[in-house]
Amino acid sequence: MNERLVEQLDLLPNYLSHHIALTLAALVIGILICLPLAALVTRVKSLQWPVMTFASVLQTIPGIAMLALMVPLLGQIGALPALIALVLYSMLPMIRNTVTGILDVDASLTEAARGAGMTDMQVLRLVELPLAAPVIIAGIRTSAVWIVGTATLATPVGATSLGNYIFSGLQTQNYTSVIVGSISAAALAIVLDQFIHLIEIAVSKRKKALAYGAGIGLLVLLTAGLFPLLQRANSASENERIVIGAKTFTEQYVLAELMSEMLSDAGFEVEVRSGMGSTILFEALVNNEVDCYVDYSGTIWANYMERTQVPKGDTILTELTAWLKSQHNTLCLGALGFENTYALAVPREFAESESLKSVADISRLSKNMKMGSDYEFFGRPEWESLREAYDLQFTDLLSMDHSLMYAAIKEGAVEVIAAYSTDGSIAAFDLVTLADPQQALPPYDATLLLSPKAAKNMRLVATLRKLVGNITAEEMRSANKAVDLDGLSVSESARELRKSLEDNN
C-alpha cells in the first residue's frame with residue numbers, strides 16, 4: 001500500500017472519532033431544542049413566522065463564517081464554538097419538518113381525539129407526533145448530513161475533525177490527505193443517512209424489528225467511532241498532554257510536527273491543532289487552550305502590539321518578549337534562528353525587463369497590475385504600512401489560498417504576490433523578491449511562544465528550548481520545499497529537519 005496513504009489512514013481513528021463526537025453532540029442537542037420549539041410553534045401561531053425566519057436566516061450564513069463568529073462571541077476555540085455553530089446550522093430542517101408534519105395531520109383525527117376527552121398535550125403526544133414521526137425523522141436525517149459536512153469546516157477554529165485532512169492537504173498539496181478526508185466524511189454522511197432512513201421506514205411502516213436493527217446498527221457505529229477518543233482520553237490522563245498550535249501554511253505544519261515528535265519522545269501526550277488563523281491561535285495561547293506554537297515577531301509587533309514604527313536591531317524581539325510577559329503572562333522562549341518575512345515577489349523575467357529591485361520600483365507600475373496574497377495579508381496593518389510607504393495602487397487585490405499564489409503568478413492571473421521568504425516555491429517558480437528600503441515591514445523572526453500554563457512546565461521548556469537558535473533559513477526553506485515541491489509528507493519533512501538539527505549539534 002502507498003506509504004503516504006498508510007500515513008493518512010493512521011490518523012483516521014483520531015479524526016473520525018472527534019468528527020463523530022461533534023456530529024452526535026450537535027444532532028442530539030439540536031433535536032432537544034428543535035422538536036419542543038417546533039411543537040410550541042404549532043400551538044402559538046404568532047411564533048411561526050419569527051422562528052422559521054430565524055432558522056432560515058441562520059441557514060444562509062456560510063458554515064465557515066458561522067464557526068468563525070462563535071470564537072469571539074465565546075472567547076475560546078475548540079469543540080464548544082464548533083458545537084454551537086453546528087447546532088444552529090442544523091435547526092432549519094428539524095423545525096420545518098416537525099412543524100409541517102404536525103400541521104399536516106388530518107384534522108378529523110385530532111378533532112376525534114379531543115372529542116374523546118384528550119388534552120392538547122395528549123393530542124400532541126399520542127396522535128400528532130406519532131403520525132408526523134416519518135416527516136420529523138426525515139428532517140433529522142437532513143440535519144445529520146448537513147452537520148457531518150459542515151463539521152469538516154471546524155478545523156480553523158481549533159476543533160479536530162475530518163476537516164484536518166482537507167485543510168492540511170490543500171495547504172501542503174497532499175491530495176492523498178484531501179481524498180482520504182473527503183471520502184471519510186462522505187462515507188460517514190452516507191452511513192448515518194441510511195441508518196436514519198431505515199428508522200424512518202420502520203416508523204412509517206410500523207416495523208419494530210427494522211427499527212431495532214437500525215438503532216442497534218447506529219449504536220454500534222457510534223460506539224466504534226467514539227472508542228479511539230475514549231481510549232485517547234484514558235491515555236492522556238496518565239501523561240502530560242500538550243496542545244501544539246499551527247497556522248495555515250506548510251512551514252507551520254512542519255514546525256508543529258517537529259515539536260510533536262520531540263515532545264512525544266520526551267514522554268508527553270501531544271495533540272496538534274493546525275489550520276488556525278493568526279488571531280484565533282494567539283488568543284488560544286493566551287487562554288491556555290493551546291500550549292505552544294511558532295509565531296513571527298512582525299505579526300506580534302504589528303497585529304497584537306499595534307506598533308507602526310519599525311526599530312532596528314534586536315529591539316523588536318526584546319520589546320515583544322517583555323510585552324508578552326507583562327500583558328499576557330506568556331513566554332517567548334526565543335527566536336528559532338530564521339526569519340520568514342512577507343516579501344513582494346515578481347517573475348524574474350519581468351523584474352529584469354522593468355529593472356525592478358525594490359518595492360519602490362514597482363509603485364510606478366502598480367496602477368496596471370493585480371496583486372495576490374494569502375487570506376490575511378490585505379487585512380493586516382503591515383499591508384497598510386507598505387501601501388502607504390510606496391503609494392501602491394494595484395488595480396485588484398486578490399486573496400487566495402497560499403498554496404495557489406505561485407500557480408496564479410505563473411499563469412498570469414496576478415503580476416505580484418506577497419510571498420513568504422522561506423517558501424521553496426520562490427526559487428522553483430523563478431521569482432524575485434523585492435527589497436523594502438523604507439522598512440515598511442517589520443522583521444519576522446520565527447519565535448517560539450508558550451502559554452502561561454505551559455511556561456511553568458520546566459520539562460516542556462527544556463525540551464523545546466533545543467530549537468531556539470538552531471534552525472537556519474536555508475534549513476527551513478529546504479523543509480518547506482520538500483513538502484511543497486518534492487512530494488514528501490509533513491512528517492517526513494519534519495523528521496529530515498530534526499535529523500539535520502541533531503547532526504549540526
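Going highest first, how would you order 25-31, 393-399 by mean Cβ packing within 10 Å? Can you show the working numbers first?
Numbers: 25-31: 18.9, 393-399: 13.9.
So the peptides 25-31, 393-399, ranked by packing, come out 25-31, 393-399.
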*Using alpha carbon coordinates only, what is the Rg to Rh ratio of the range 3-236, with Rh defined as the Kirkwood radius?*
1.04
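Rounded to two decimals, what ratio of Rg to Rh does the range 342-433 give with C-alpha atoms and a Kirkwood Rh? Could the numbers behind the result be given before it?
Details: Rg = 11.9 Å, Rh = 13.0 Å.
The Rg/Rh ratio comes out at 0.92.
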*Distances over 14 Å make up what percent of all Cα-Cα pairs in the range 69-130?*
66 percent
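For the range 97-218, rounded, prolate or oblate, judged on the Cα gyration tensor with a ≥ b ≥ c (square roots of eigenvalues), a/c < 1.5 rounded, else prolate if a/b > b/c?
Working: a/c = 4.40, a/b = 2.65, b/c = 1.66.
Prolate shape, in that a/c is at least 1.5 and a/b is the bigger ratio.
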*Take the alpha-carbon centre of the range 69-135, take the same for the range 270-301, and report the distance between them in whole Å.*
40 Å
*At a Cα cut-off below 18 Å, give the lysines reachable from Lys466, other chains included and same-chain residues fewer than 8 away excluded.*
Lys456, Lys499
*Amide H of Glu269: which non-local residues (sequence gap of 5 or more, or other chain) have their own amide H closer than 5 Å, using H built in the peptide plane?*
Glu240, Arg241, Ile242
*For the range 443-491 and the range 317-339, what is the separation of their C-alpha centers, rounded to whole Å?*
15 Å
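Ranked from highest to lowest mean number of other Cβ atoms within 10 Å per residue, what is the order of the peptides 37-45, 249-257, 96-104, 55-63? Don't skip to the end; give the middle numbers.
On the way: 37-45: 16.1, 249-257: 25.1, 96-104: 20.2, 55-63: 14.3.
Most protected by this proxy first, the peptides run 249-257, 96-104, 37-45, 55-63.
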_Amide H within-cut-off set for Ile417, under 5 Å, with H built and near neighbours excluded_ = Ala345, Gly372
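If you count, for each residue, the other Cβ atoms within 10 Å and average over each peptide, how do 144-150, 121-127 line up from highest to lowest? Numbers along the way, then the final one.
Working: 144-150: 22.4, 121-127: 15.3.
Ranked by mean Cβ neighbours within 10 Å, highest first: 144-150, 121-127.
Can you name the helices of the chain, as whole DSSP H runs, whose Cα span along the helix axis is 27 Å or more and whose Kyte-Doolittle mean is not below -1.0? Intermediate values should be presented prior to the final figure.
Numbers: long enough: 3-43 (59 Å, 1.16); 129-151 (31 Å, 1.55); 175-205 (44 Å, 1.41); 208-238 (44 Å, 0.87).
Membrane-span-like by this rule: 3-43, 129-151, 175-205, 208-238.
So for the chain, averaging the separation of alpha carbon pairs under 8 Å that are six or more residues apart and normalising by length, what relative contact order in percent results?
15 percent
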*Would you mind checking which residues have amide H under 5 Å from Asn288's amide H? H placed 1.01 Å from N; only 5 or more apart, or other chain.*
none
*asked:* For the range 1-139, place one equal point scatterer on every Cα, skip the solvent, and apply the Debye formula. What is log10 of I(q)/I(0) at q = 0.10, 0.12, 0.13, 0.18 Å⁻¹?
replied: -0.48, -0.62, -0.69, -1.02
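So what's the back-of-envelope 222 nm ellipticity for the chain, counting only DSSP H runs of four-plus at -39500 (n - 2.57) apiece and dividing by all residues, rounded to 500?
Calculated at 222 nm, the ellipticity per residue is -19000 deg cm²/dmol.
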*asked:* Which of rounded, prolate or oblate describes the range 254-352 when judged by the alpha-carbon gyration tensor and an a/c cut-off of 1.5?
replied: oblate
*Sticking to Cα atoms, compute the Rg of the chain to one decimal and its Dmax as the biggest Cα-Cα distance, whole number, in Å.*
26.9, 93
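Translational diffusion coefficient, Stokes-Einstein: compute it for the range 299-351 using the Kirkwood radius over C-alpha pairs as Rh, at 25 °C and 0.890 mPa s, and state it as an integer in µm² s⁻¹. Don't jump to the answer; show the numbers that get you there.
Values: Rh = 13.2 Å.
Translational D for this selection: 186 µm²/s.
Since every read-out is calculated from the coordinates, none of them should be taken as a lab result. Being a predicted model, the structure only gives us computed values, none of them experimental. Methodologically, a virtual Cβ is constructed for each residue, glycine included, from the backbone with ideal geometry; neighbour enumeration extends over all protein chains shown.
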